[in-house]
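The structure appears below as structure tokens.
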6 protein chains.
Amino acid sequence: MPGRSLIILNPNSSDIVTAAIDRAVAPLRAAGVPLRCVTSQDGPKAIENQRDGDLSIGPMLALAARLEPEALGFVIACYSDPGLHALRDQTRLPVTGIQRASVAMAMSIADRFGVIAILDSSVRRQRRSFAAMGVTSMWCGSRALGLGVADLADPNKTAARLIEVGCRLRDEDGAEVLILGCAGMADYRDFVASETGLPVVEPSQAAVSVMIGQRLSAGAAPRPS
Amino acid sequence: MPGRSLIILNPNSSDIVTAAIDRAVAPLRAAGVPLRCVTSQDGPKAIENQRDGDLSIGPMLALAARLEPEALGFVIACYSDPGLHALRDQTRLPVTGIQRASVAMAMSIADRFGVIAILDSSVRRQRRSFAAMGVTSMWCGSRALGLGVADLADPNKTAARLIEVGCRLRDEDGAEVLILGCAGMADYRDFVASETGLPVVEPSQAAVSVMIGQRLSAGAAPRPS
Amino acid sequence: MPGRSLIILNPNSSDIVTAAIDRAVAPLRAAGVPLRCVTSQDGPKAIENQRDGDLSIGPMLALAARLEPEALGFVIACYSDPGLHALRDQTRLPVTGIQRASVAMAMSIADRFGVIAILDSSVRRQRRSFAAMGVTSMWCGSRALGLGVADLADPNKTAARLIEVGCRLRDEDGAEVLILGCAGMADYRDFVASETGLPVVEPSQAAVSVMIGQRLSAGAAPRPS
Amino acid sequence: MPGRSLIILNPNSSDIVTAAIDRAVAPLRAAGVPLRCVTSQDGPKAIENQRDGDLSIGPMLALAARLEPEALGFVIACYSDPGLHALRDQTRLPVTGIQRASVAMAMSIADRFGVIAILDSSVRRQRRSFAAMGVTSMWCGSRALGLGVADLADPNKTAARLIEVGCRLRDEDGAEVLILGCAGMADYRDFVASETGLPVVEPSQAAVSVMIGQRLSAGAAPRPS
Amino acid sequence: MPGRSLIILNPNSSDIVTAAIDRAVAPLRAAGVPLRCVTSQDGPKAIENQRDGDLSIGPMLALAARLEPEALGFVIACYSDPGLHALRDQTRLPVTGIQRASVAMAMSIADRFGVIAILDSSVRRQRRSFAAMGVTSMWCGSRALGLGVADLADPNKTAARLIEVGCRLRDEDGAEVLILGCAGMADYRDFVASETGLPVVEPSQAAVSVMIGQRLSAGAAPRPS
Amino acid sequence: MPGRSLIILNPNSSDIVTAAIDRAVAPLRAAGVPLRCVTSQDGPKAIENQRDGDLSIGPMLALAARLEPEALGFVIACYSDPGLHALRDQTRLPVTGIQRASVAMAMSIADRFGVIAILDSSVRRQRRSFAAMGVTSMWCGSRALGLGVADLADPNKTAARLIEVGCRLRDEDGAEVLILGCAGMADYRDFVASETGLPVVEPSQAAVSVMIGQRLSAGAAPRPS
């Protein structure tokens, strides 16, 4: 499928968040699979509760339908995987979400993961998601920064809280690997890793990694004769 | 760490199996991370029960220790992840196992996975492993080919059984994605996918994909200033 | 709140389904709480997969917002509870969904419930929902009629399949109570009960019952002095 | 079945507790189903441990047998549902218990419930009950008032502890809805709701609500022709 | 406590069952702990449903209270452990039940156990018990002989069904160890073991074994000085 | 099998630990089954992490093979049950491990057990083991002494920490029975029991008890004729 890309859908309408996602996944371009990050211009400005997430699905599905002829597959780049199964209903191309893929990446690295969330309300949604996936016993907890998505762009507000929350997940909850629970935290990945001493999973990178892995693997082996 | 490779350890002493693993992961070399598959010459000839697996750990740990100066990280390429936590005790480099990573890859793609196992005794070991990981509710079952590892090299014996078992996992157990439960089945990946219509995860590819993903991602983003 | 009603939202645009819901809940009007069934005119014609369900949320939330001044509370009357948590984000009035309430009613009556679903794809969505709720161990299975929502209006097509599926849930899966897994099956409630000998839960009735129960109970007791 | 009532059985011999139950369920008489609360005169004075509960079953079953000709169904009104399955063995009429029904009502309203218990020993029994039901993952905890059943009649002793315990369930355990874990707390329902800001489920009201719902619903729809 | 015995309580009034229990535990007298099997003369004739079990508790507790001065501890010898926690509320002596102890013994021997039950109704009670204990994932199923307790005394009726049921548990359900789910099956222990090739746990023997083990162990080691 | 013994294998090479195990199980010799404790001279000096445990398996299996002609069965006496399933693959004699048997003994006595571990790293291994067994919901926690195996021989270092940890398991975690999570703590069994007021399970005693129970029970009953 020449000319096609793996399309990373940002279901909110913030080009700033899309740019952060693009920075995060940029080094994975070394693997040779074209990556393209797009903003759902008709989506909500930010996704901070279930209502925002549910209302982002319609515009995102329409965007994915328009982009389908140019796509190798789709990544939904919001940490609640809005519309994951709906997009699978709509297309036969491979689809994953960054929440789901982040758990997958984390469990490859260690036994129990903790999540740095933005808001307390995110934690409730995560509980439902992790239970629906069936990964609750690997999840040792989520703790919220108590910051809005917009605040994440301000390192002065964010850095100290990230370390504080990450250390509590490590020391009180027993996390052996940390997941950054929002696409907007990508710039802090290595910072959190070096300050907490734990491996850190950035969800957009995780999702793109698994999609690249499946993409490169398909067709690798000769058919048995 | 120039000159280092991601080292894929085959804990049994079969160079034929190591070669099959190498063929499976070869296309992932496109991502630019050096990959090196090695045979544990002092390991058992095949790993068909828990005893074989447990006895493979000593030689494999010794091999990993010798290779450490040349390693970016390790993949344990036997579908029961023998010595996974022991190797993590021994080294600070990243370590994963192909069973664990195959589940991670499968859950990125679909809700419920089925495993094509070699022998009935493998299924009992898988039940313990999946329970220890905490992924039982995503696992809709494992079914055995009833073939020895050596028989896998004979397509006449193997192809029909693979399809029969894969279709039962799909139709009776509700599998939405299939995992090939032995490093020796890698050559049949695309064959099983096309015959069953389900996505198929080859565990060595899955493990190498997640390790490449973590490798390329680290250091990607600038530290917040 | 005089003049207000408990509003039962049909998130699809079928007035026929809304009428069936109204017939189902009509006898509960004896309890004295005003009930009003409304059709989401801008919703999809039917909700047969996750995509239909997700896309029904936007119009339903808009409808609920318009009706809020006339509402005592809301029931979402589609057997996948689309938009349940989103509507709770939007309003402070009590909100329940017929899937959730049907499980609640069933567990009051017996230990293990089975669900008569419309399509196989519904079963997958139910698995995710029941896991997210945490009621998997009470669920002994869902079996699909293999009929479209429209077919449900034709008793000749529907009656025999309902009994066949209900008896298999009872005899093979161990169901002690049956749930009708679609608002459109309401007319068959007593028929299924008499033919299978099991108690049957009709989800819209269940949801309205619990909302009436909470409504009548509030303010019942004197404050302690 | 004219002249029959839904019979609410208080398995202890305290007429004071029976009167409190009657006050709690009184507003549900508006639904038109006759309700009758009876004391098991030969039961224990109070049910504070498993032994009390087990020994209450014999007298309660005998009472239920005597009342059967006058009954539409039975509610067991002690928060450990003593004799629930035994009474189902004895009668073909519908039977529920207030513990079971309170969980059902709570899960209709919110995702996770907390229980205000009387004594620490109640919490151990609740753990066994919730595990047997299969609702453990919805249960975020029970906390005991540390008061005897008799003390509950004294608002001076009870009110402050109720709020303290309710707020800890809300803030430390993440309860989204509170259940009053004893029939004797019914008078404090609205008080706890207003002080904690959470919805509160009174178990006798919950059980009567679901029984009324099933009663009114049966026979509602025409048989398919 | 010289002159005291470990008292095995048969909560039903059948001296024939008590004699079978006594035969089963007789060889454990070799361990030197006095064993005494007693019939609860005021209990039900047989315990075939939850009602029988619940009604057996009162007489059994009274019997245990009378025997307390002569007891080292108590075993409740009915395969549903009626009154286990009630008896623990009544006495400070150690108490176990044969169901609970049979699972303990089985899990010492193998990973997954199956239970040969008497009646289908026993299976429902076992599901509740195993869930309350938290051992569901070790339980691969129970299958009923479909015989009454009285029929068990007739080998012609019982032997063939025991093997048929045992083999289905082994072959279809994956049992690695079988539990005889009724004190009245004790005489068939070795027969079932030799015919199925699986280890077999006789529950009264299991309970007495663990009580003897705890008894002999206490006071074994010197206090640290 | 005259002249044979139940062989208790200490997989580490410490004769001091073997002697402590022998002291612990000595009173169980009263039951008449010959007991023999042996040291795996080629094993690691101590087993403090997964690597030590995995590397102990090879020498232990070789030792068990040599001793097989003299054995009635085997107990693996290290609190992580290294090589349990491998030894079952190697021999047809009965095999248990002290971790597994300690949980069995604990669940016979009470509903929820807590474990006194040596090091924090032991707790991680226990989590994996208890999950693989399927007993997580009975496990209320493990807490580490923070002492090395060698330190256990010094009562001055050990006694106070044992009580502190045991009381936290009882008061904060809700343990109703304590398990000593290392064969080297055996001498403190009665001390911990008397200081915490809880029953205490010493794992080697537990494993020997269940093996003796199965040994004495086999062949007890006459075959049905």
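Here are a few things to note about the model shown:
- Using a 7 Å Cα-to-Cβ projection, residue E:68 label spacings across copies, nm, ascending: 3.6, 5.3, 6.2, 6.2, 7.5
- A simple count of charges around residue F:81, restricted to other residues whose Cβ falls under 13 Å of its Cβ and scoring Lys, Arg +1 and Asp, Glu -1, yields +2.
- Residues whose placed amide H lies under 5 Å from that of residue F:144, excluding near-sequence neighbours: F:117
- Spread of Cα-to-Cα distances over 5 Å intervals beginning at zero, given as percent, for region E:89-225: 2, 10, 19, 23, 19, 12, 7, 4, 3, 1, 1, 0, 0
- Between residue E:121 and residue D:36, the C-beta separation translates, for a Förster distance of 25 Å, into a calculated FRET efficiency of about 0.25.
- Near the amide H of residue A:80, within less than 5 Å, lie the amide hydrogens of A:99, all on another chain or at least 5 residues away, with H placed in the peptide plane.
- Heavy-atom accessible area ranking, 1.4 Å probe, most first, across F:68, E:172: E:172, F:68
- Pairwise centroid distance, computed over Cα atoms, of region B:135-169 with region A:48-121, Å: 31
- Extents of region B:68-167, largest first, come to 43, 32, 24 Å (Cα atoms, principal axes, whole angstrom).
- In this simple spin-label model, placing a label point 7 Å from the Cα along the Cα-to-Cβ direction at both residue D:19 and residue A:164 gives a separation of 5.3 nm.
- Exposure check, 1.4 Å probe, all protein chains in place: residue C:139 carries approximately 40 Å² of accessible surface.
- Dipole check for region E:1-123: with +1 at the C-beta of Lys and Arg, -1 at the C-beta of Asp and Glu, and the Cα centre as origin, the magnitude is about 360 Debye.
- For residue E:156, inter-copy separations between label points set 7 Å beyond Cα along the Cβ vector come to 5.6, 5.6, 7.7, 7.7, 9.5 nm, shortest first.
- Among D:78, D:167, D:182, the largest mean-square fluctuation in a Gaussian network model of chain D, built with springs joining Cα atoms closer than 10 Å, belongs to D:167.
- With Cα atoms, 0 to 90° folded angle of helix D:50-67 axis to chain D main axis: 30
- Ranked by solvent-accessible area (1.4 Å probe, protein heavy atoms only, all chains present), the residues B:70, B:176 order from largest to smallest as B:70, B:176.
- FRET efficiency for residue C:26 and residue C:171, using Cβ-Cβ distance with R0 set to 22 Å, rounded to 0.05: 0.10
- 7 Å along Cα→Cβ, label-point gaps from residue D:197 to other copies, nm, shortest first: 3.9, 3.9, 5.2, 5.3, 6.5
- Cα pair count fraction exceeding 15 Å, expressed as % - region A:1-43: 43
- Each Lys or Arg adds one and each Asp or Glu subtracts one; over the other residues with Cβ under 15 Å from the Cβ of residue A:112, this totals +3.
- Helix C:98-109 axis, angle to chain C major axis (alpha carbon atoms, nearest 10°): 70
- Cα-based helix-to-principal-axis angle, D:155-171 vs chain D, degrees rounded to 10: 80
- Dmax and Rg, reported as Rg then Dmax, of region D:13-136 (C-alpha, Å): 14.6, 40
- Build a GNM of chain E with springs between Cα atoms under 10 Å apart, and of E:36, E:51, E:112 the one that fluctuates most is E:51.
- With K and R counted +1 and D and E -1, the other residues having a Cβ less than 10 Å from that of residue B:13 yield a net charge of -1.
- D (Stokes-Einstein, µm²/s), Kirkwood Cα radius, the protein assembly as shown, 1.567 mPa s at 4 °C: 40
- Cα pair distances exceeding 13 angstrom across region D:33-81, given as percent: 57
- All lysines inside 27 Å of residue F:45 as judged from Cα atoms, apart from same-chain residues fewer than 8 positions distant: F:157
- For the D-to-B rotation axis, chain D residue with nearest beta carbon and its distance in angstrom: D:137, 6
- Magnitude of the charge dipole for chain A, about its Cα centre and with charges confined to Cβ atoms of Lys, Arg (+1) and Asp, Glu (-1), is about 640 debye.
- By the equivalent-ellipsoid construction on the alpha carbon gyration tensor, region A:80-139 comes out with semi-axes of 21, 15, 10 Å, ordered largest to smallest.
- Among E:12, E:156, E:49: highest mean-square fluctuation, GNM of chain E, C-alpha pairs under 10 Å: E:156
The values are calculated or read from the model by the stated rules, or taken from the named source; none is laboratory data. Nothing here was measured: the structure is a model prediction, and the numbers come from that model. Backbone-built Cβ (ideal geometry, glycine too); neighbour counts: all protein chains shown. Note: accessible area is taken over every heavy atom of the protein model, side chains too, but ligands, DNA and RNA are not part of it. Shrake-Rupley method; radii C 1.70, N 1.55, O 1.52, S 1.80 Å.
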